[in-house]
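Since the structure comes first, as structure tokens, the remarks are kept for the end.
What follows is calculated from the coordinates using simple rules that are stated; it is not laboratory data. Bear in mind the structure is a predicted one, so any value in this text is a computation, not a measurement. Counting neighbours? That spans all protein chains shown, and the Cβs are built from the backbone with ideal geometry, glycine included.
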Amino acid sequence: MRAETIQKIKTELLQLRKEAEKALEAFATKESGYANDFTSTFPDYGKENDENAQEVEQYSTNLATEQILEKNLRDIDTALKKIDQGTYGICKYCHKKIDEKRLLARPFSSSCIKCKNKLQKNQ
Ligand SMILES: [Zn+2]
């Protein structure tokens, strides 16, 4: 992979990281000491029953979103680490190069299309 392509992907990853963190900070607080660990805060709309019901509903939505975004952060960090180590773009299953187009579309992909498809079929 060309150095400028890697650079482009790295910039993209850092941008995605910023966006994910910002989205998390909107409803969760960052745990000190753990870079990618956030805790959803419980919303406070009021003391009425319907308000309490809304709070619970919002909280469970937050928890689900929190998990997705935290996974994204971990995937992004793994990809950034691989760039630093010079192992970026290698499929973690078959150890072959991942198609550059796939990486440009989804920069934190850690497996090639073939392996990904195989895994999905086995599920
Ligand atoms: Zn593969």
(request) Can you run down the residue pairs with Cβ atoms below 7 Å, 6 or more apart or on separate chains, where the first is in segment 90-111 and under 14 Å from Lys8 (Cβ atoms) and the partner is more than 9 Å from the ligand (Cβ to nearest atom) and assigned to a loop (DSSP other than H, G, I, E, B)? (result) Glu100/Met1; Leu103/Gly89; Leu103/Ser109
(message) Can you pull out every residue in segment 107-121 that is within 14 Å of the ligand (Cβ to nearest atom) and either surrounded by 13 or more Cβ atoms within 10 Å (Cβ to Cβ) or among the polar types (S, T, N, Q) (or both)?
(response) Ser109, Ser110, Ser111, Cys112, Ile113, Lys114, Cys115, Lys116, Asn117, Lys118, Gln120
(request) Residue by residue through segment 1-16, note down the ones that are farther than 27 Å from Ile68 by Cα, part of a helix (DSSP H, G or I) and either among the acidic types (Asp, Glu) or touching a Lys or Arg at 6+ places or on another chain (Cβ under 9 Å) (or both). (result) Glu4
(request) Sort through Asp99, Asp44 and tell me the only one that's away from the ligand (no atom under 16 Å from the Cβ), touching a helix residue (DSSP H, G or I) at 6+ places or on another chain (Cβ under 8 Å) and among the charged types (D, E, K, R). (result) Asp44
(request) Can you tell me which residue among Ile83, Ile90 is of a type in the set (A, V, I, L, M, F, W, C) and away from the ligand (no atom under 14 Å from the Cβ)? (result) Ile83
(request) Taking Asp77 as meeting all but one of (1) surrounded by fewer than 12 Cβ atoms within 10 Å (Cβ to Cβ); (2) of a type in the set (Asp, Glu); (3) in contact (Cβ under 8 Å) with a residue 40 or more places away in the chain, write down the number of the exception. (result) (1)
(request) Could you check how many residues of segment 52-74 are acidic (Asp, Glu) and surrounded by fewer than 13 Cβ atoms within 10 Å (Cβ to Cβ)? (result) 1
